[in-house]
1. Looking at (1) aliphatic (A, V, I, L, M); (2) part of a helix (DSSP H, G or I); (3) over 13 Å from Arg7 (Cα atoms), which is the one condition that is false for Ile76?
2. Across the range 58-110, what is the total count of residues that are at pLDDT below 85, surrounded by 10 or more Cβ atoms within 10 Å (Cβ to Cβ) and under 30 Å from Ala39 (Cβ atoms)?
3. Answer with yes or no whether Glu86 is more than 30 Å from Arg103 (Cβ to Cβ) and among the charged types (D, E, K, R).
4. Six or more apart or on different chains, Cβ atoms under 8 Å: show the pairs whose first residue is in the range 1-16 and touching a residue at least 24 places away in the same chain (Cβ under 8 Å) and whose second is open to solvent by 50 Å² or more (accessible area, probe 1.4 Å).
5. Kindly check whether there is at least one residue in the range 56-69 that is outside any helix (DSSP H, G or I), closer than 30 Å to Arg103 by Cα and without any contact (Cβ under 8 Å) to a residue 12 or more places away in the chain.
6. Could you check the range 17-27 and list, in sequence order, the residues that are surrounded by 14 or more Cβ atoms within 10 Å (Cβ to Cβ) and part of a loop (DSSP other than H, G, I, E, B)?
7. Which of the residues that make up the range 3-16 are in contact with a helix residue (DSSP H, G or I) (Cβ under 7 Å, 6 or more places away or on another chain) and surrounded by fewer than 18 Cβ atoms within 10 Å (Cβ to Cβ)?
8. Could you grab me the full set of residues in the range 28-46 that are open to solvent by 50 Å² or more (accessible area, probe 1.4 Å) and assigned to a helix (DSSP H, G or I)?
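The values are calculated or read from the model by the stated rules, or taken from the named source; none is laboratory data. Bear in mind that the values here come from a model prediction, so they are computed numbers and not experimental data. Cβ placement follows ideal geometry from the backbone for every residue including glycine, while neighbour counts extend to all protein chains displayed. Accessible surface is based on the protein model in full, side chains and every heavy atom, while ligands, DNA and RNA are left aside. Shrake-Rupley method; radii C 1.70, N 1.55, O 1.52, S 1.80 Å.
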Amino acid sequence: MIGQTIRDLRKQRKMSQTELAKILHVSQQTVTAWETGKAEPSSSAISNLADYFNVTTDYLLGRPEKKDDDTKTADIKDDDVIFTYEGRQIPKEDLELIRRIMRGTRNDIK
């Protein structure tokens with residue numbers, strides 16, 4: 001999998017294996033071995049590849065960029081978000097009250 005990713009990134013830059021090898025200070029045969037899956041790049045080579053192609057090492061390794069843990073966040077200042085509690089929408093007046101409490105300005109609280 002990493003070999004295909006390296007190959008795709010190299011081809012996007014319209015580079016030969018020899019050109020990439022020179023940049024990474026490895027042999028062209030090493031790049032070929034990576035791309036065909038006959039060898040795995042070392043951790044330092046993966047880091048150098050990520051730096052050169054401006055991608056994350058996780059991207060090169062085929063991992064998702066961000067772990068999806070189903071946690072969703074929204075800023076309470078965002079008026080375009082509909083906030084709910086126990087399945088019911090929180091009225092705008094209540095959101096304003098929550099904002100004032102969070103800021104520590106409780107005046108005008110009834």
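1. Tallying (1) aliphatic (A, V, I, L, M); (2) part of a helix (DSSP H, G or I); (3) over 13 Å from Arg7 (Cα atoms), Ile76 fails exactly one: (2).
2. Summing the residues that are at pLDDT below 85, surrounded by 10 or more Cβ atoms within 10 Å (Cβ to Cβ) and under 30 Å from Ala39 (Cβ atoms) in the range 58-110 gives 1.
3. Working: more than 30 Å from Arg103 (Cβ to Cβ): no; among the charged types (D, E, K, R): yes.
Taking the combined requirement at face value, the residue does not satisfy it.
4. Note: pairs meeting the criteria are Met1/Leu61; Ile2/Glu40; Ile2/Leu61; Gly3/Thr36; Gly3/Gly37; Thr5/Tyr59.
5. Filtering the range 56-69 for residues outside any helix (DSSP H, G or I) gives 56, 61-69.
Subsequent filtering for residues that are closer than 30 Å to Arg103 by Cα retains 69.
Those still in the list that are without any contact (Cβ under 8 Å) to a residue 12 or more places away in the chain too: 69.
Scanning the range 56-69 turns up at least one residue that is outside any helix (DSSP H, G or I), closer than 30 Å to Arg103 by Cα and without any contact (Cβ under 8 Å) to a residue 12 or more places away in the chain.
6. Once the filter is applied, which keeps residues that are surrounded by 14 or more Cβ atoms within 10 Å (Cβ to Cβ) and part of a loop (DSSP other than H, G, I, E, B), the range 17-27 yields only Val26.
7. Keep residues of the range 3-16 that are in contact with a helix residue (DSSP H, G or I) (Cβ under 7 Å, 6 or more places away or on another chain), which gives 3, 5-7, 9-10.
Answer for the range 3-16, where residues must be in contact with a helix residue (DSSP H, G or I) (Cβ under 7 Å, 6 or more places away or on another chain) and surrounded by fewer than 18 Cβ atoms within 10 Å (Cβ to Cβ): just Arg7.
8. Gln28, Gln29, Thr36, Ser43, Ser44
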